[in-house]
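In what follows, a structure is listed as structure tokens, so that the remarks can point back to it.
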Amino acid sequence: MESTETLVPRMRPTRTLVASIGVAATAWVWFAIGMFRHTPPAAGWGLLVLAVPVAIYASWRAGAAGRTFWRYVSAGMVGMGLASAAAARDYFSGEQAGQHIGTVTATLYVTGLMLMLLGLLRIPGAQRSRIEWTRFGLDVATMVVTVTTFSWHLVLPRWESWTAGGGAAGTASVVVIATAAVIGMLAFVKVSFTGTGPIDRRALYILALTGAVGAGGGALAPLLADKPYLNTGHVLLPTTSMLVCLAADRQRRASRAGIPAPRPLSRRPSVMPYTAVLATGALLLTSAAAGVRDLLAVAAGSFVVTLLVATRQVIALRDNVRLLDDLDARQRQLAHQAGHDGLTGLANRTVLVREITAALAGGCPDVTVALLDLDDFKEINDDLGHPVGDALLAAVGARVTAQLPEGCLVARLGGDEYAVLLRGDHTAIVAAITADLRQPVRAGGHELIVEASIGLAPAHPGDTADELLRRADVAMYEAKGQGKGRQVVYDDRMDHRTAEQSRVAADLRGALDTDQLHLLYQPIVAMPGGELFGVEALVRWIHPERGPIGPNLFIPAAERTGLIVPLGAWILEEACRQAVRWQQEMGDAAPRTVSVNVSARQLREAGFAGEVDAVLRRTGLPPQVLTVEVTETAVFDGGTALDELKAIAALGVKIALDDFGTGHSSLGLLRTCPADILKVDKSFVDDVTGGGEPAVIVAALLTICDGMRLRAVAEGVETAEQAAELHRLGYRYAQGYHYARPMAAEGITVYRPAHRDSRVAA
């Protein structure tokens, strides 16, 4: 496991640390000599005078990080120093002899130790699981029982006589040593289970050793009963002071390196429990062989240690089983995530391809792949936000799934595109899906109407999953090209059209930069005389190698590839510049309006109204001369397209609804859309002379225009009879081959009505 601790600079011993090491080394040398011959006790007590102040100074200056904690350490060392002074006074005054200490001294020792423990307890703790706490508690209990067993066997016999001879002083010594042992143990527990924050972890471990040193060394005091001139404090306190200086030096270097990140609890197996079992077992064997009198106590200690370790192993085994179960569940979760969409929970492309391949390999008859793409989903995301869009995607996935019989599968391929594996007769299933989607969908607090373009690819012998998905994709784009909410079944001719559109789109990119495109203008005339009123700009393309390419081919290719946006921008600018030239050349005879078709894709581009405004400013064309023609389908769903259209109208530009009556045909659109002109589609004009429904619709549309103060323009007028009937119904503006075909800009300059309908003139 990679360490997360901050890299601490290499140690460069300070004078304080060197001084503390020197005092501790001198104390140990002096103590070692005293074990073999009598040494003056004043020298031992004098070393304490040097050791304690150095530790107080070092801990006080440990560093800015964890200042409060190190202040507690300094206060604890002050207590230790005062206790040492009290012990020296008791010794030289004769009140206490040997290793015994008085009540005041014991109180000062315990106070110093408690101050250090209080500082440790103020360090923030880390979050650990119940099992981790239990396992660690058993380790601590094992250590305590092992140490107690060995102490009982090796040290206790000497302590019994030593404490009995010391009376209250002996009891006080025991209290101090026991306190040091408890504090040392608690210190190790706290350090192991703490989130140290600004306190360096290794510095804490070094400080935790001070309690162990005090307890362990104090427990050996009875061994010095025959050497009253020696005191374990002569070496223990200088050693403790050295450890404090070493920890303070580590903290100071760590503070310069930065605050370390908390280290996670290690999951490596601990050797301590097994060592404890081996040690107590060996002690039991040697005690049994020697026939010692406390054999029962040693056996009891060994049994308790074994029981604790066995309990720990059972808990560890259960924890490992739980971890394996969690790992297995996590692997299942990852496997599910690898094959499913995170938003909708549907299968992804990988699973779909696998299922299609299996269905084809199994000889399943009537396999069909359907590709479903939501119409105008981008507007929902842009207008209502991505959370609503995400909720809609999930709701659509659920609705499609609900309509599928057993053996079928729906997958989300990305964005607003779904693929469905169908088995059997797909007609009824697709019809059910379409009908369900047409019901309002509740998403993110909004009621939404959803339509989808669906491409269907029935399987044939030898097909692959990828080929079926490709064909479904081709059919889906064919459906989109036919309008919203359509369903198209793939046939081979679509590939030819798609390939042709791809070639056209590739060439169109170059055509925009090499002047291959030009505009023609079809007159919009005033009835009955056919005088020029306005023009509609129509783009044409002469390919240098392939010759003329019809708009019915390159406009869909531009829509599909997004080239309609730069193409539309070019048409707009060119038409506006030509309108200004006509005004300069023709004066009052110039066309009063110049109409430019704008696609739904252009209107979905936020800021399109600003582009129109910029073109008008660059060319100098008055806004009222420009007319923007849009289909009702482009703005039926509102959103960004309708907002942009309102902004264009606010500039003073006229808005015309083109091909009215062939799209959604919602009269409510005439109230929400800022339209000035309604262009009646050619499909109604064709049969206007025959009476019946077309004539009724044409007459009704004129009535609506009169009531809403809209200018009505009849499109596709091709015969004198149509012109006469439209004029009789009340139409005053028309456009079509009867009056003029699209022509170059020069033709508009010299335009004159070619003829008048004699019956109209009469």
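The values are calculated or read from the model by the stated rules, or taken from the named source; none is laboratory data. Remember, it's a predicted structure, so these values are computed and weren't measured experimentally. Glycine gets a Cβ as well: all are built from the backbone with ideal geometry, and neighbour counts include every protein chain shown. Accessible surface areas use protein heavy atoms only, side chains included; no ligands, DNA or RNA. Shrake-Rupley method; radii C 1.70, N 1.55, O 1.52, S 1.80 Å.
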Quickly run through the stretch 382-400 and pick out the residues that are crowded, with 18+ Cβ neighbours inside 10 Å and over 17 Å from Glu447 (Cβ atoms). Gly397, Val400
Looking at His426, His496, His460, which is the one that is open to solvent by 60 Å² or more (accessible area, probe 1.4 Å) and either modelled with pLDDT under 85 or of a type in the set (Asp, Glu) (or both)? His496
Is it the case that some residue within the stretch 500-507 is open to solvent by less than 60 Å² (accessible area, probe 1.4 Å), in contact (Cβ under 8 Å) with a residue 24 or more places away in the chain, assigned to a strand (DSSP E or B) and of a type in the set (Gly, Ala, Ser)? no
Within the stretch 566-607, restricting to residues that are at pLDDT below 90 and of a type in the set (A, V, I, L, M), the one that is surrounded by the most Cβ atoms within 10 Å (Cβ to Cβ) is Leu603
Filtering the stretch 406-423 down to residues that are surrounded by 20 or more Cβ atoms within 10 Å (Cβ to Cβ) and in contact with a Cys (Cβ under 9 Å, 6 or more places away or on another chain), which residue is nearest to Thr357 (Cα to Cα)? Leu421
Subset of the stretch 718-745 that is without any contact (Cβ under 8 Å) to a residue 60 or more places away in the chain and among the charged types (D, E, K, R) - its residue that is least open to solvent (accessible area, probe 1.4 Å): Glu725
Output yes when any residue across the stretch 108-125 is at pLDDT below 70 and of a type in the set (Phe, Trp, Tyr), and no when none is. no
Only one of (1) under 47 Å from the mean Cα position of the chain (by Cα); (2) within 27 Å of Arg604 (Cβ to Cβ); (3) open to solvent by less than 40 Å² (accessible area, probe 1.4 Å) is not met by Tyr490, so which one is it? (2)
Between Val396, Val369, Val400, Val410, which is of a type outside the set (Lys, Arg), over 15 Å from Asp466 (Cα atoms) and assigned to a strand (DSSP E or B)? Val410
Within the stretch 313-360, residues being of a type in the set (Gly, Ala, Ser), farther than 13 Å from Ala411 by Cα and at pLDDT 85 or above number 2
Scan the stretch 464-495 residue by residue and report those that are closer than 12 Å to Ala370 by Cα and free of Cβ contacts under 8 Å to residues at least 24 places away in the same chain. Arg470
Would the stretch 241-249 turn up any residue that is modelled with pLDDT under 75, within 53 Å of the chain's Cα centre (by Cα), surrounded by fewer than 24 Cβ atoms within 10 Å (Cβ to Cβ) and not in a loop (DSSP other than H, G, I, E, B)? no
When (1) among the polar types (S, T, N, Q); (2) closer than 21 Å to Tyr109 by Cα; (3) open to solvent by 50 Å² or more (accessible area, probe 1.4 Å) are applied to Thr26, the one that fails is (2)
